[in-house]
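Working notes, structure below.
The values are calculated or read from the model by the stated rules, or taken from the named source; none is laboratory data. Fair warning: this is a prediction, and the values are worked out from it, not measured in the lab. A quick note on method: Cβ atoms are made from the backbone with ideal geometry, for glycine too, and the neighbour counts reach across all protein chains shown.
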Amino acid sequence: MDSENNTKEWKLIEKTVSQLGVEQRKARRWGVFFKLLTFAYLFVLLFMMSEGLSPDKISDTEQYTALVNLEGVIASGEEANADFLVTGLRAAFEAEGTQAVVLRINSPGGSPVQSGYVYDEIKRLRGLYPETPLYAVISDIGASGAYYIAAAADKIYADKASLVGSIGVVASGFGFVDTMKKLGVERRLYTAGAHKGFLDPFSDEKGDEVEFW
């Protein structure tokens, strides 16, 4: 019985060793395969560089239309902030293969300061690259600061249902001057500096302050 058990144990050991050998040979074959693949990649890359065909040069020699997205509210801290947009516009104009730039707009506007910064940068870039046109394409909405930015483009394209425009300032109020006179109420307003109280509803309206507003 001991002899029979020993025989079975040896057969089990031989089978296990045999399987380990097969797995090791498979691992060596896969290792050789991946090494050859890596060498082939490096060889192709070196060949491209020796021929002056680096990936950067390939992309630079292609001609294309660059796309910059203006999406959402224009404000510091938002995705559509001036720094983000200006960086994208500069990269688009400075790339050698750029034939034109499309500014795709879907924004209700936002900060006039941020919008003005982008507007001025577009004007500057158009002056540096006069042969590269910029087209503004408005999808759902291009209002307020977004339309301000679009106004710097060579042309503006919009769908017939797009909401476009709304640049400017609106203010409303009331005037109680005549009512105060009827009631015999005297208005006393003290300010330091010009136009400090020009929105006061209890004071007479002045032409120069209306023009200032």
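Can you list residue pairs whose Cβ atoms sit under 8 Å apart, with the first residue in region 166-186 being under 30 Å from GLY142 (Cα atoms) and the second being in a helix (DSSP H, G or I) and modelled with pLDDT under 90? Count only pairs 6 or more apart in sequence or on different chains.
none
Exactly one of these conditions fails for ASP208: (1) at pLDDT 85 or above; (2) of a type outside the set (A, V, I, L, M); (3) in contact with a strand residue (DSSP E or B) (Cβ under 8 Å, 6 or more places away or on another chain). Give me its number.
That leaves (3) as the condition not met.
Out of region 188-206, which residues are loosely packed, with under 14 Cβ neighbours inside 10 Å and either in contact with a helix residue (DSSP H, G or I) (Cβ under 7 Å, 6 or more places away or on another chain) or in the same structural domain as TYR148 (by TED's automatic domain parsing) (or both)?
HIS195, ASP204
Of the residues that make up region 172-182, is at least one farther than 30 Å from PHE202 by Cα and more than 20 Å from the chain's Cα centre (by Cα)?
No - not one qualifying residue is present in region 172-182.
Sort out which residues of region 140-187 are among the polar types (S, T, N, Q) and surrounded by 14 or more Cβ atoms within 10 Å (Cβ to Cβ), and write them in order of number.
If the condition is that a residue be among the polar types (S, T, N, Q) and surrounded by 14 or more Cβ atoms within 10 Å (Cβ to Cβ), then SER144, SER162, SER166 are the ones that fit.
Give region 128-147 a look and list any residue that's over 14 Å from LEU85 (Cα atoms) and part of a helix (DSSP H, G or I), or say none.
Once the filter is applied, which keeps residues that are over 14 Å from LEU85 (Cα atoms) and part of a helix (DSSP H, G or I), region 128-147 yields LEU128, TYR147.
Hey, could you check region 74-127 for residues that are assigned to a loop (DSSP other than H, G, I, E, B) and surrounded by 18 or more Cβ atoms within 10 Å (Cβ to Cβ) and say which is nearest to the chain's Cα centre (by Cα)?
Only one residue tops the list, namely ASN81.
Can you tell me which condition TYR148 does not meet? The list is (1) within 26 Å of ILE122 (Cα to Cα); (2) outside the structural domain of LEU70 (by TED's automatic domain parsing); (3) not β-branched (Val, Ile, Thr), and all the others hold.
(2)
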